[in-house]
Amino acid sequence: MQRHLHEECGVFGLFTPKTEDVAALAYYGLYALQHRGQESAGIAVNDDGVFSAWRDVGLVSEALPRDRLSSLGKGRIAVGHVRYATTGSDAALNAQPLIINHCKGRMALAHNGNLTNSMELRRALEEQGSIFHTTTDSEVIAYIIVRERLHTPSIEAAVCSAMDHLAGAYSLVISSPTKLIAARDPHGFRPLCMGRRPDGSVVFASESCSLDAVGAAFERDLLPGEVVTVGRDGIHSDTSHCGTAPRRLCVFELIYFARPDSVIDGCSVTQARQRAGAYLAQEHPVEADVVVGVPDSGLDAALGYAAASGIPYALGFTKNKYVGRTFIAPTQAMREDGVNIKLNPVRSAVEGKRVVLVDDSIVRGTTCRRTIEMLRRAGAREIHMRVSAPPFVAPCYYGTDIDSAENLIANQHTVEEIARIIGVDSLGYLSLEHVRQLTGTGDTGFCTACFGGGYPTAIPAAGQKNRFAQRLSQKEDGE
């Protein structure tokens, strides 16, 4: 049972005007996106149509050691990926970018998101003779593009045509032998931005912080439904799918997923989180002595709460920066032990005090309870928890690893019951009304389905993470 939602994935793409060490640049870009996926990482380099790739499990530094990175050689195009599995296991075979050989050439594909119609698409492809080598929906996307490429004049036209068949969330970075292509689904569930380096290189990344890491100036976010192609003849944008679906950026990108120094669809992540804390102070005031945040994404919300309430802010926890996010650990026991290693309360900040504890979410509650127990042992007299998101009451089918409502504590208990379970004196969640206003410019079209805000697409009959890798006893047909 994890404290937070599992992470998204991160994608990165680079097109340079001349041959250079693009693998090293992709490495830095992925390092900046490490928070989006810690299970595997990979880079594909395209040198005049010859592809070299390396993918492996672990953090960027583990999956891409120096000798492997140097073996990729130089090129003009690179595609990179960091992964947390939302469809398919975390096995090495599912690491990305995927490399596809087809009659029109080669293709490297990196995907962030989750299709809602992947089961139907995969079955149809298998009936046509396709053989799958992974258990991810990303391979389904690759095969659909290859199929469309047989009947279209270019790879970018094939991507546009494939989008007519794909449903759900996808931000893609794709390399063909001569082009780099970036595409965002028509709802814009997952972020994707574009930047440019001083030498004219064009960069695509899931977050703007990755552009900063490779010395690229942020240029703009891709529009929902947009396909941007970079080649030797320049940059071309196809907007034929733009406006075909309502904008639905995952609001949890602002609340938790993105790095605080990123800008997502024109909104500063740090400012959005501080705004959430200020809204919390309005909705759930309390008499207290100090406001503390749970690192990392709870810190900005705590600052916002403190500023709006007038209650002093303090660093209530010391974080061991050498420990990864606790929910990545494969077993519950390891995740719980990881909390003690990762966080330690600052006794002088909380001892004898009434504490407002601000965090971004309560998913299942187990690890949250352990964090609160640590504060009690450090001498906190009262603990009033404030959560900068509404309660999670519904599964997510768009790239977040919450595929079962019964595993969500807020789906099974009232707010008062949750407060007793996790051991706080009071508990307050941000309202759905205010979460829709985090940009400060009104409701910009967030997806709030996990908070009970309604699904923007048809939901899949089988949405489990392991739907392509089930045990025989789990399958209806047994074969």
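Each reported figure results from applying straightforward, stated rules to the coordinates on display, with no laboratory input. None of the values given here were measured: they were computed from a predicted structure. Cβ atoms come from the backbone with ideal geometry, glycine included; neighbour counts cover every protein chain shown.
May I ask you to compute the full-extension gain from Asn320 to Ile459, defined as 0.36 nm times their residue separation minus their alpha-carbon distance, rounded to one decimal in nm? Can you show the working numbers first?
Working: separation 139, 0.36 × 139 = 50.04 nm, distance 3.92 nm.
Length gained, Asn320 through Ile459: 46.1 nm.
For Glu406, Glu373, which order do you get if you count the other beta carbons within 10 Å of each Cβ and list the fewest first? Before the final figure, lay out each step's value.
On the way: Glu406 7, Glu373 14.
So the ranking, lowest neighbour count to highest, is Glu406, Glu373.
Relative contact order for region 10-247: what is it in percent, counting Cα pairs under 8 Å that are at least 6 residues apart?
Relative contact order here is 21 percent.
Between Leu150 and Asp425, take the C-beta separation as r, use R0 = 56 Å, and let me know the FRET efficiency to the nearest 0.05.
Rounded to the nearest 0.05, the efficiency is 0.30.
Taking the mean number of other Cβ atoms within 10 Å as a proxy for protection, how do you rank 92-99, 125-132, 207-214 from highest to lowest?
207-214, 92-99, 125-132
Give me Ile402, Ile341 sorted ascending by neighbouring Cβ count inside 10 Å, so fewest comes first. Provide the component values of the computation, followed by the final result.
Details: Ile402 21, Ile341 11.
Least crowded to most crowded, the residues run Ile341, Ile402.
Taking other Cβ within 10 Å of each residue's Cβ, how do Arg275, Arg386, Arg247, Arg381 sort, fewest first? Walk me through the numbers on the way to the answer.
Numbers: Arg275 23, Arg386 29, Arg247 19, Arg381 14.
Listed from fewest to most nearby Cβ atoms, that is Arg381, Arg247, Arg275, Arg386.
Could you give the length gained on full extension between Ser61 and Glu283, defined as 0.36 nm per residue of separation minus the Cα-Cα distance, in nm?
Full extension of this stretch gives 75.6 nm more.
List the chymotrypsin sites (Phe, Trp or Tyr not before Pro) in region 249-322 that DSSP assigns to loop (not H, G, I, E or B) and whose Cβ has at most 14 other Cβ atoms within 10 Å. Which are they?
Numbers: sites: Phe252, Tyr256, Phe257, Tyr279, Tyr305, Tyr313, Phe317, Tyr322; in loops: Tyr322.
Qualifying residues, ordered by number: Tyr322.
Would you work out the charge dipole size for the chain about its Cα centre, treating the Cβ of every Lys and Arg as +1 and the Cβ of every Asp and Glu as -1, and quote it to the nearest 20 debye?
Roughly 740 debye for the chain.
Angle, helix 366-377 long axis vs. longest principal axis of the chain, Cα atoms, 0 to 90°, nearest 10?
It works out to around 40 degrees.
I need the shape label for the chain. Rule: rounded when a/c is under 1.5, else prolate if a/b > b/c, else oblate, with a, b, c from the alpha carbon gyration tensor.
prolate
Per DSSP H run of n ≥ 4, the term is -39500 (n - 2.57); total these for the chain, divide by its residue number, and report the mean residue ellipticity at 222 nm rounded to 500 deg cm²/dmol.
One gets -7500 deg cm²/dmol as the mean residue ellipticity at 222 nm.
Which FRET efficiency value, to the nearest 0.05, do you get for Asp47 and Arg381 by plugging their Cβ-Cβ distance into 1/(1 + (r/R0)^6) with R0 = 60 Å?
Numbers: r = 64 Å, r/R0 = 1.06.
Efficiency, rounded to the nearest 0.05: 0.40.
Given an 8 Å cut-off on Cα distances and at least 6 residues of separation, report the relative contact order of the chain as a percent.
The value is 15 percent.
Using 7 Å Cα-to-Cβ label points, what is the Glu406/Asn101 separation (nm, one decimal)?
If labels sit at Glu406 and Asn101, their model points lie 4.6 nm apart.
Find the lysine pairs in the chain meeting two conditions, Cα atoms under 15 Å apart and a separation of 8 or more places or different chains, and report how many there are.
6
How far apart, in nm, are the 7 Å Cα→Cβ label points at Asp199 and Ala91?
3.9 nm
Along the charge dipole of the chain, Cβ charges K/R +1 and D/E -1, which of Ala95, His236, Ile311 sits furthest on the positive end?
The Cα lying farthest towards the positive end belongs to Ile311.
Any idea how far apart Glu20 and Lys74 come out in nm if each label point goes 7 Å out from Cα toward Cβ?
Placing both labels 7 Å along Cα→Cβ, they lie 1.1 nm apart.
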